[in-house]
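As structure tokens, the structure follows; a few thoughts come after it.
Read-outs throughout are calculated quantities, based only on the coordinates presented, and are distinct from any laboratory measurement. Since the structure is predicted, the reported quantities are computational estimates derived from the model, not experimental observations. Glycine gets a Cβ as well: all are built from the backbone with ideal geometry, and neighbour counts include every protein chain shown.
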Amino acid sequence: MRGVTWNMIVVGLCAGLVACAEEPIPTQEAAGAQEAPALERTQIDDTVRRHLNQVRYCYQRSLVRDPSIAGEIVVKFVVEADGSVSSATAEEATLPDEVVDCILGVFDQMVFPEPTNGGIVISTYPFVFTAG
């Protein structure tokens, strides 16, 4: 399986909600010669940012029950040749299961631009949530 992993740091900001960092670090997951990424960093960022309100909602609805909830999740997802997400999993998570499941559901519904080389893209996207 060939793909490119983009490590994106998303930090708690905006009264403890989610905001994106500026510079992800691309790393080649497949062994061998360097290849151009199948998706540009900005394409991944733009798609995830369009869904940030849904990701925030996953966290905010849990805050109603427990205002002290805080934690992190690293979402690993696979973008297929048609731009659909075929897999979204939590590589790491310190949030309640209901928040994790909700965020993974948001990623499952995302549609990215089609990768330019016809292959797949494997990416990780970390989020940090803080309560106020």
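Structure above, values below:
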item: Odd one out for D82 among (1) within 23 Å of T47 (Cα to Cα); (2) part of a loop (DSSP other than H, G, I, E, B); (3) touching a strand residue (DSSP E or B) at 6+ places or on another chain (Cβ under 8 Å); result: (3)
item: Set V55, V79: member being farther than 18 Å from A38 by Cα and buried (at least 17 other Cβ atoms within 10 Å of the Cβ); result: V55
item: Enumeration of residues in the stretch 116-132 that are more than 15 Å from S86 (Cα to Cα), aliphatic (A, V, I, L, M) and assigned to a strand (DSSP E or B); result: V128
item: Filter result for the condition that a residue is of a type in the set (D, E), surrounded by 15 or more Cβ atoms within 10 Å (Cβ to Cβ) and assigned to a helix (DSSP H, G or I), over D108, D45; result: D45
